[in-house]
Amino acid sequence: MESEGEKMIVYVLIFLILSAGTVLNIALLPTLNNQQKKKRESYPLVSILIPMRNEERNVKRVVRAVKLLTYPNFECIILDDGSTDKTRELLEGETANDDRFKIVDGSTLPSKWVGKVYACHQLSKRANGDYLLFLDADVSLKSDTVEQSLALIEKRNGSLLTGFSRFPVKHMLESLIVPMQHVVVFTYLPVLLANYTNYPSATAAHGAFMFFRRKDYDKVGGHEAVQSSLIEDVHLAQQFKRKGLKVVLANITSHVSCFMYESDEEVWNGFAKNIYTGLGRSTASLLALSLFFFAYYVLPVPLFIYGLLTSQWFAVIPLLLVLTQRLMIDIATKQKWYLCLTMPFAALALIALMQHSMWRGVQRIGYEWKGRHYQ
């Protein structure tokens with residue numbers, strides 16, 4: 001009995017340590033709020049670069065958000081990457097008579113390149129700015145996003161500013177899986193190492209919002225340096241660190257929202273192509289992480305029930321800590337607060353998705369995305 005009690009103490013300590021780490025990460029991540037408090041002396045040209053492939057549902061939102069930006073010196077170049085829906089028609093209508101916008105056609109995808117990475121590479125070649133802001137087509141921006149981002153990257157003397165945006169969710173699987181991106185970053189990423197060292201393994205990035213100093217982007221070889229990567233955002237950020245350049249990870253949820261998926265099927269396929277690759281295609285790492293997530297997020301539920309039925313109140317603590325930790329993350333990232341209650345179910349859904357991603361990778365089935373197959 002004594003050894004069982006000691007094990008429970010160690011178990012609870014793990015929850016306390018990770019919860020404390022979450023509090024520290026929330027405190028350490030810079031935000032885009034009030035970074036620029038006075039008028040700038042100069043306004044360097046910022047190139048806003050948006051790849052689009054069959055994005056008819058997102059065209060109006062993202063173009064109108066860019067139009068409302070208050071930064072006075074920007075160009076916006078949008079690449080139509082072989083769209084077969086109404087993307088081009090809508091783009092031409094939304095950008096007509098606004099010379100800040102330019103629409104270009106994507107070239108045929110070369111072998112060994114990933115579609116989005118090649119689209120971003122083509123956009124960079126068309127850009128004239130001192131800074132490059134790559135956006136996904138499914139984002140929306142607050143009007144002062146560019147000046148606040150510019151002020152933060154200058155303040156931190158950074159070469160790349162990135163972050164995980166706010167994720168509005170409405171479908172069931174989407175509500176479970178998509179917010180887990182914030183959970184992983186705020187719980188398991190050591191922000192001290194991510195933002196204050198060039199240690200490549202302590203790196204997180206999100207391709208929906210990547211703000212580069214142009215000279216440093218060119219120095220590392222741009223997107224061409226990660227041409228075959230399915231997680232080009234992280235790999236590109238790691239390239240910056242290897243070159244001794246500073247990457248700034250911020251909590252950008254006050255200014256950037258990302259409407260990632262329109263259906264649960266898209267959620268499943270979108271995450272499936274990234275998870276196994278993101279873990280370095282390591283089966284051992286994926287299985288170990290699955291086991292840890294089960295022990296940390298799912299096991300507290302039966303323990304909680306056991307504690308209530310037997311008045312063993314110590315067994316109740318892990319689930320309360322898990323829910324509190326998730327609530328802190330949801331508040332910090334402007335997510336629906338009540339989703340914290342779904343945390344055990346979200347973990348189970350993520351574990352299932354991890355196994356699916358691994359299976360497709362190990363069996364060399366590959367992944368489908370945007371009408372293209374990636375091996």
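The values are calculated or read from the model by the stated rules, or taken from the named source; none is laboratory data. Please read all numbers here as calculations on a predicted model, not as lab measurements. Glycine also receives a Cβ, built like all others from the backbone with ideal geometry; neighbour counts cover every protein chain displayed. Each accessible area value is taken on the protein alone, full model and side chains, heavy atoms only, with ligands, DNA and RNA left out. Shrake-Rupley method; radii C 1.70, N 1.55, O 1.52, S 1.80 Å.
Things to note:
- Inspection of region 301-308 finds a residue satisfying the criterion of being open to solvent by less than 30 Å² (accessible area, probe 1.4 Å), more than 18 Å from Val178 (Cα to Cα) and part of a helix (DSSP H, G or I).
- Phe345 vs. criteria assigned to a helix (DSSP H, G or I), open to solvent by less than 60 Å² (accessible area, probe 1.4 Å) and at pLDDT 95 or above: no
- Yes/no for Pro44 being touching a residue at least 60 places away in the same chain (Cβ under 8 Å), surrounded by fewer than 16 Cβ atoms within 10 Å (Cβ to Cβ) and not charged (D, E, K, R): yes
- Pairs linking a residue in region 1-30 that is over 13 Å from Ile329 (Cβ atoms) and touching a residue at least 12 places away in the same chain (Cβ under 8 Å) to a residue that is part of a helix (DSSP H, G or I) and acidic (Asp, Glu), with Cβ atoms under 7 Å and 6 or more positions apart or on different chains, do not occur.
- Scanning region 13-52 for residues being part of a helix (DSSP H, G or I) and either within 23 Å of Met180 (Cβ to Cβ) or basic (Lys, Arg) (or both) gives a total of 15.
- Filter result for Leu321 (touching a Pro at 6+ places or on another chain (Cβ under 9 Å) and open to solvent by less than 70 Å² (accessible area, probe 1.4 Å)): yes
- The C-beta contact set for region 198-221 (first residue among the basic types (Lys, Arg), second residue part of a loop (DSSP other than H, G, I, E, B), distance under 7 angstrom, 6+ apart or interchain) comprises Arg213/Ser159; Arg214/Gly129; Arg214/Asp130; Lys219/Lys243.
- Across region 11-34, a minimum of one residue is classified as over 30 Å from Leu320 (Cβ atoms), open to solvent by 10 Å² or more (accessible area, probe 1.4 Å) and among the polar types (S, T, N, Q).
- Scan of region 92-124 for residues that are assigned to a loop (DSSP other than H, G, I, E, B), within 25 Å of Leu68 (Cα to Cα) and open to solvent by less than 60 Å² (accessible area, probe 1.4 Å), ordered by number: Ala96, Asp98
- Picking from residues in region 84-97 that are at pLDDT 95 or above and hydroxyl-bearing (Ser, Thr, Tyr), the one that is nearest to Glu56 (Cα to Cα) is Thr87.
- Restricting attention to region 261-279, the residues that are open to solvent by less than 30 Å² (accessible area, probe 1.4 Å) and outside any helix (DSSP H, G or I) total 1.
- If you go through region 351-366 and keep only what is over 13 Å from Arg281 (Cβ atoms) and in a helix (DSSP H, G or I), you end up with Ile351, Ala352, Leu353, Gln355, His356.
- Screening the candidates Glu56, Glu89, Glu6 for the property of being over 23 Å from Lys142 (Cβ atoms) and part of a loop (DSSP other than H, G, I, E, B) yields one hit, Glu56.
- Hits in region 199-251 (condition: open to solvent by 20 Å² or more (accessible area, probe 1.4 Å) and at positive phi): Gly221, Gly244
- Residues of region 152-174 classified as open to solvent by less than 20 Å² (accessible area, probe 1.4 Å) and touching a Lys or Arg at 6+ places or on another chain (Cβ under 8 Å), total: 5
- If you go through region 177-195 and keep only what is touching a Phe, Trp or Tyr at 6+ places or on another chain (Cβ under 7 Å) and either under 19 Å from Leu327 (Cβ atoms) or among the charged types (D, E, K, R) (or both), you end up with Ile177, Val178, Pro179, Gln181, His182, Val185.
- Boolean, Glu75 is open to solvent by less than 40 Å² (accessible area, probe 1.4 Å), of a type outside the set (Ser, Thr, Tyr) and assigned to a loop (DSSP other than H, G, I, E, B): no
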